[in-house]
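The values are calculated or read from the model by the stated rules, or taken from the named source; none is laboratory data. Given the structure is predicted, the values throughout are model-derived calculations rather than measurements. Cβ sites come from the backbone with ideal geometry, for glycine too, and all protein chains shown count toward neighbours.
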Amino acid sequence: MTIKNNAVSLILDAGDEKELEEIKLQFLGKSGTLTLAMKEMAKLPAEKRPEIGQLANEVKQIIEEAITNVGAGFHTQKIEKIQKIDVTEPGIKPSLGHLHLVTQAIEEITNIFENIGFTRVRYPEIEYDWYAFGALNFPDNHPARDDWETFFIDQEPDPKKGPILLTPHTSSGQIREMEKQVEEQKKTGNPISIKMLNIAKTYRRQSDVSHVPMFHQFETLVIGENISITHLKGVLDYFVKSYFGPDRKSRIRPYHFQFTEPSFETDVSCGVCNGKGCKLCKEGWLELGGAGMVHPNVLRNCGLDPSIYTGFASGWGVERVLTMKEGIEIDDIRLLYSNKLEFLEQF
Ligand code: DAH
């Protein structure tokens, strides 16, 4: 039968699975040659139909078998091809990225503080004036708000919490944390005990070699009964030695902040000259950032009784400690956020 011979020879010549599939359609598909021929059988006289019908079925079977066999051959060829790949050959390494320098520093800082029982928290970066300034003991409209070069958002102020802004420091988290703990205390009745580490993005209107408009700060807040300056000094020294190295020293100097009394600047001894004084540090010390004992007004603003509770707080810059770390010298801090791979790949 011509259909059979025709089909079988085409099947045997098929070069790949796709061609085989096309031949299958050509003969066995809905309007394939054999399918149509089988439909034509209805027109035959009744007595001839069984014989021709059987023949057609045999042809169909032969074609199907040929397709299956040739198809199986293609499959084996594919497997053989795969097996020829030498799996012991060294692979091509995909290029791997790594965590951004600042993210690495944040992880390191988090570990250091978590090791001594601090809990990392996160609070809004779009804040009310109340959290960023008011509750931190800044009188209304006090120009000290300018010291933080704040971005105010052009939106109707909240009647109680004031204008909306991008938080210029992580100290706003102190208020959020104390409010939260006071609420919880109302439910549990347990005394307040806070060891907070707030790491967040902070925003200021600034951009030069040592400032970027968006940077990160890490803020500690410790509140309890009988917390004193010695605790602050202990935590400062522990951080300095853990982050910068065991040979580095720390110190506090008097300063002024609205939300702490007394207030301090905290310093770390210079890693280049070991505290002797050099071009980098001038007198042997590098400034780390602010700290102090939480002002009684701040405690009161959060519903805490200053005759029972005391505490200390500190707020330091992530980018700052990172660039102060020995071995990492970055002339222009803006490079950190420039997405230049040549720079980022070094760390
Ligand atoms: N928020 C201050 C700043 O950004 C730093 C600071 C000073 C934080 C004293 C504190 C503190 O917690 O006690 O300049």
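Please verify whether the range 67-85 includes one or more residues that are among the small types (Gly, Ala, Ser), more than 16 Å from the ligand (Cβ to nearest atom) and touching a residue at least 60 places away in the same chain (Cβ under 8 Å).
No: zero hits.
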Discussion item. I'd like to know if the range 307-315 contains one or more residues that are more than 22 Å from residue 132 (Cβ to Cβ), part of a strand (DSSP E or B), within 14 Å of the ligand (Cβ to nearest atom) and without any contact (Cβ under 8 Å) to a residue 40 or more places away in the chain.
Written reply: no
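When you check residue 339 against the structure, is it crowded, with 16+ Cβ neighbours inside 10 Å, more than 11 Å from the ligand (Cβ to nearest atom) and polar (S, T, N, Q), yes or no? Even if it seems obvious, please write down each step before you answer.
On the way: crowded, with 16+ Cβ neighbours inside 10 Å: no; more than 11 Å from the ligand (Cβ to nearest atom): yes; polar (S, T, N, Q): yes.
Judged against the criteria, residue 339 is not a match.
Which of the following residues is β-branched (Val, Ile, Thr), under 20 Å from residue 175 (Cβ atoms) and either at pLDDT 90 or above or surrounded by fewer than 20 Cβ atoms within 10 Å (Cβ to Cβ) (or both): 323, 266, 310?
Details: 323 fails: under 20 Å from residue 175 (Cβ atoms); 266 fails: under 20 Å from residue 175 (Cβ atoms).
The match here is 310.
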Worksheet item: When the range 195-215 is examined, which residues are found to be within 12 Å of the ligand (Cβ to nearest atom) and either free of Cβ contacts under 8 Å to residues at least 40 places away in the same chain or within 26 Å of residue 262 (Cβ to Cβ) (or both)?
Response: 196, 197, 198, 200, 202, 204
Worksheet item: helices (runs of 4 or more DSSP H) wholly in the range 1-106 with at least 1 residues that are of a type in the set (Gly, Ala, Ser) and in contact with a Phe, Trp or Tyr (Cβ under 9 Å, 6 or more places away or on another chain) - which ones?
Response: 2-13
Worksheet item: Out of all the residues in the range 267-306, which are assigned to a loop (DSSP other than H, G, I, E, B), touching a strand residue (DSSP E or B) at 6+ places or on another chain (Cβ under 6 Å) and touching a residue at least 40 places away in the same chain (Cβ under 8 Å)?
Response: 295
Response to the item:
Those residues of the range 321-347 which are over 18 Å from residue 99 (Cα atoms) and out of contact with any helix residue (DSSP H, G or I) (no Cβ under 8 Å at 6 or more places or on another chain) amount to 327, 331, 332
Worksheet, complete the sentence: Within the range 136-156, restricting to residues that are under 18 Å from residue 301 (Cβ atoms) and more than 13 Å from the ligand (Cβ to nearest atom), the one that is surrounded by the most Cβ atoms within 10 Å (Cβ to Cβ) is 142
Worksheet item: Does the range 329-347 hold any residues that are under 23 Å from the mean Cα position of the chain (by Cα) and in contact (Cβ under 8 Å) with a residue 24 or more places away in the chain, and which are they?
Response: 333, 334, 336, 337, 344, 347
Worksheet item: Which is touching a residue at least 60 places away in the same chain (Cβ under 8 Å), exposed (fewer than 15 other Cβ atoms within 10 Å of the Cβ) and not β-branched (Val, Ile, Thr), of 47, 114?
Response: 114
Worksheet item: Of all the residues that make up the range 157-171, how many are away from the ligand (no atom under 14 Å from the Cβ) and part of a strand (DSSP E or B)?
Response: 5
